[in-house]
Amino acid sequence: MANNEDIFKKVISHAKEYGFVFPSSEIYDGLSAVYDYGQYGSELKKNIREYWWKAMVQFNENIVGIDAAIFMHPTVWKASGHVDAFNDPLIDNKDSKKRYRADVLVEDYIAKIEDKINKEVEKAAKRFGEAFDKEQFVSTNPRVVEYKAKMDAIGHRLYSSLEKNDLADVKSLIEELEIACPVSGSRNWTEVRQFNLMFATQMGSTAEGADTIFLRPETAQGIFVNFTNVMKTGRMKIPFGIAQTGKAFRNEIVARQFIFRMREFEQMEMQFFIKPGEEMNWYNHWKNERMKWHLSLGIPANKYRFHDHEKLAHYANAAADIEFEFPFGFKELEGIHSRTDFDLNAHQKFSGKKLQYFDPETNESYVPYVVETSIGLDRTFLAVLSHAYTEEKLEDGSERVVLKIPPILSPIKVAILPLVKKDGLPEKAREIFDRLKVDYMCQYDEKDAIGRRYRRQDAIGTPFCITLDYDTLNDNTVTIRERDSMLQQRIPIEKINEILNGKLKQFQT
Ligand code: GAP
């Protein structure tokens, strides 16, 4: 069986071969950590965005959506803390001249200890068979307990040094752990220093008159600066939320793992404005709601887990990630943050404008607290795609690659396939295609044998194929084939819409 690394490589090449994701500017050899979405990828991405928007905005009366500009007044980023604190700690290896995130070097070291624990657990599970109690083993086995204590101690030291901005200690930690450069193998490191992740550019026509502005590193600030606009024009009452989806930009140093960490990516964020003091209830509420959303896609629960943060961002008093098990392990997919009144307060201070809510019940004004849900669209795409990628051996000995994408997200919902391209079948198929395309993304295909056409649709994750044969011309029935089970059913043409509607609704939240 292929290992996870092989599977990941296959997912990446499948994504390219079938028009989901291409390297950016590929004819010029690409641009690091920047990708383009192809004809099917852009559909899948749009469907994920819509699925999120529906769950957050359409299904919640007290959440509205906006679409703020990417360019914002430069003071926004001073107020938000991004100019001063949106940094990664960097370290260079003097021999290979390669640059690394110092925290990632230490985290990779911790991950190696975790691998050792997992190996111990695997060995013990084999040894003890059915009687194996993982919890007990992990909490009592001396070697595992020692590994865990080591992990905790290293993690604690790293995060508290970062918190205090004690970069010399981060370097000492790297030296003490004898971490070597993966390229040169040497431990000849520079000092650790902070590197701001925002991209800067010039706005204005002449160099002298131009202002330095930043490409937004998160969409959230577009929501904060529009808080009063939306509250007043929407007559919003606390608690209420403002959602938006859009591009964000970060000059990531460790750019790897395909579309997991990109320099230009898309976020889907929601800021929920609440009364101070109620943040822990809302924080837990949104943790649960967001996990429910992920599970509504039908991906098994054991692929997700919460990770509560030890190191908090400069604006948060509580934070958790929803992690997904990507082919390269559990990694952050979404963040839920209790952001306090940090942002609104800061914008009040820097802009001189009041950003407050007047509570008609108590006749008092206050700066609301905020609980944020922030999910990467590209990461969700990668989660869906990597989970969907399936290689199957069929009963007749042949093999197929099928993308078992949740039907509601599939780029093409239904393919219309005349068995042969003569005797009036294509005309009849086109009639059905023209009718269905009003409601669904459809594809018409008459080329090659029917088996090959099914494989092509499997490979792009089309959940349903409608096949017309000679009987269709006599009795107005077609065959509907379901992607995952490959089961085929004969149905009347006039029932196609009803059946598709039923099948495509089943995953909705
Ligand atoms: N407004 C809060 C915020 O931006 P974050 O944890 O930095 O929080 C939120 O980012 C989400 O955005 C992440 O959980 C991840 O899914 C996505 N994300 C962040 N950086 C990314 C990158 N370089 N490439 C792709 N997705 C990214």
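The values are calculated or read from the model by the stated rules, or taken from the named source; none is laboratory data. These numbers come from a predicted model, not from an experiment. In this analysis, Cβ positions are derived from the backbone assuming ideal geometry, glycine residues included, and neighbour counts consider all displayed protein chains. All accessible areas refer to the heavy atoms of the entire protein, side chains included, with ligands and DNA or RNA removed. Shrake-Rupley method; radii C 1.70, N 1.55, O 1.52, S 1.80 Å.
Determine the per residue accessible area of segment 275-351 with all protein chains present and a 1.4 angstrom probe, expressed in square angstrom.
On the way: 3450 Å² over 77 residues.
Here the per-residue accessible area is 45 Å².
Which of the listed residues, L333, G451, M441, is farthest toward the dipole's positive end in segment 330-463, when Lys, Arg count +1 and Asp, Glu count -1 at the beta-carbon?
G451
Excluding same-chain residues fewer than 8 positions from K46, which lysines have a Cα within less than 19 Å of its Cα?
K16, K54, K247, K404, K413, K437, K505
Give the accessible surface of segment 412-505 per residue, rounded to a whole number of Å², with probe radius 1.4 Å and ligands, DNA and RNA excluded.
On the way: 4560 Å² over 94 residues.
Heavy-atom accessible area per residue stands at 49 Å².
At 7 Å along the Cα-to-beta-carbon direction for both S24 and K126, put a label point, then send me their distance in nm to one decimal.
4.5 nm
Within the set of other residues whose C-beta is less than 12 Å from the C-beta of F214, count the net charge using Lys and Arg as +1 and Asp and Glu as -1.
Details: positive: K78, R216, R250; negative: D211, E218.
Residues near F214 contribute +1 overall.
Once you place label points 7 Å from the Cα toward the Cβ at S351 and T228, how far apart are they in nm?
Between S351 and T228, the simple spin-label model gives 0.7 nm.
Within 13 Å, Cβ to Cβ, of G41, how many net charges do the neighbouring residues add up to if Lys/Arg are +1 and Asp/Glu are -1?
Numbers: positive: K16, K45, K46, R49; negative: E17, D36, E43, E266, D378.
Taking every Cβ under 13 Å from that of G41, the sum is -1.
Per the helix-only calculation at 222 nm, which mean residue ellipticity applies to the chain, given -39500 (n - 2.57) for every DSSP H run of n ≥ 4 and division by its residues, nearest 500 deg cm²/dmol?
On the way: 17 runs with 195 residues, N = 509.
-11500 deg cm²/dmol, from helical runs alone.
Give me the extension gain from E278 to D359: residue separation times 0.36 nm, minus the current Cα-Cα distance, reported in nm with one decimal.
Numbers: separation 81, 0.36 × 81 = 29.16 nm, distance 1.46 nm.
Additional length available on full extension: 27.7 nm.
Treating the beta-carbon of each Lys and Arg as +1 and of each Asp and Glu as -1, no other charges, what is the dipole magnitude of the chain about its Cα centre, to the nearest 20 debye? Mind showing how you got there, number by number?
Details: 71 positive and 78 negative charges, 84 e Å.
For the chain, the charge dipole is close to 400 debye.
Using a probe of 1.4 angstrom, how much of the accessible area of segment 412-505 is carbon and sulfur, in percent?
Details: 2320 of 4560 Å².
Carbon with sulfur: 51 percent of the solvent-accessible area.
When the distances between all Cα atoms of segment 412-505 are binned every 5 Å from zero, what whole-number percent does each bin get?
3, 15, 29, 28, 19, 6, 1, 0
Obtain the radius of gyration and the Kirkwood radius of the chain from its C-alpha atoms and give Rg over Rh.
Numbers: Rg = 26.3 Å, Rh = 26.1 Å.
Answer for the chain: 1.01.
Using Cα-only point scatterers and the Debye equation, what is log10 of I(q)/I(0) for segment 227-342 at each q in 0.12 Å⁻¹, rounded to two decimals?
Computed log10 I(q)/I(0) values: -0.53.
Could you rank the peptides 110-122, 282-294 by their average count of other C-beta atoms within 10 Å per residue, with the highest value first? Intermediate values should be presented prior to the final figure.
Numbers: 110-122: 13.4, 282-294: 17.5.
With the highest mean Cβ count within 10 Å placed first, the list reads 282-294, 110-122.
Between F330 and R256, what length comes free when the chain is fully extended (0.36 nm per residue of separation minus the Cα-Cα distance, one decimal in nm)?
Working: separation 74, 0.36 × 74 = 26.64 nm, distance 1.52 nm.
Length difference between fully extended and current span is 25.1 nm.
Hey, can you rank 196-202, 445-451 by average C-beta count inside 10 Å, highest first? Spell out each step's value before the answer.
Working: 196-202: 14.7, 445-451: 13.1.
Taking the mean over residues of other Cβ atoms within 10 Å, the ranking is 196-202, 445-451.
Which length gain, in nm to one decimal place, applies between V420 and M441 when the Cα-Cα distance is subtracted from 0.36 nm times their residue separation? List each step's numbers first, then the result.
Values: separation 21, 0.36 × 21 = 7.56 nm, distance 2.25 nm.
Working it through step by step, the gained length comes to 5.3 nm.
Given a Förster distance of 30 angstrom, what is the FRET efficiency for K150 paired with V401, based on the Cβ-Cβ distance and rounded to 0.05?
Numbers: r = 42 Å, r/R0 = 1.38.
Computed FRET efficiency for K150 and V401: 0.10.
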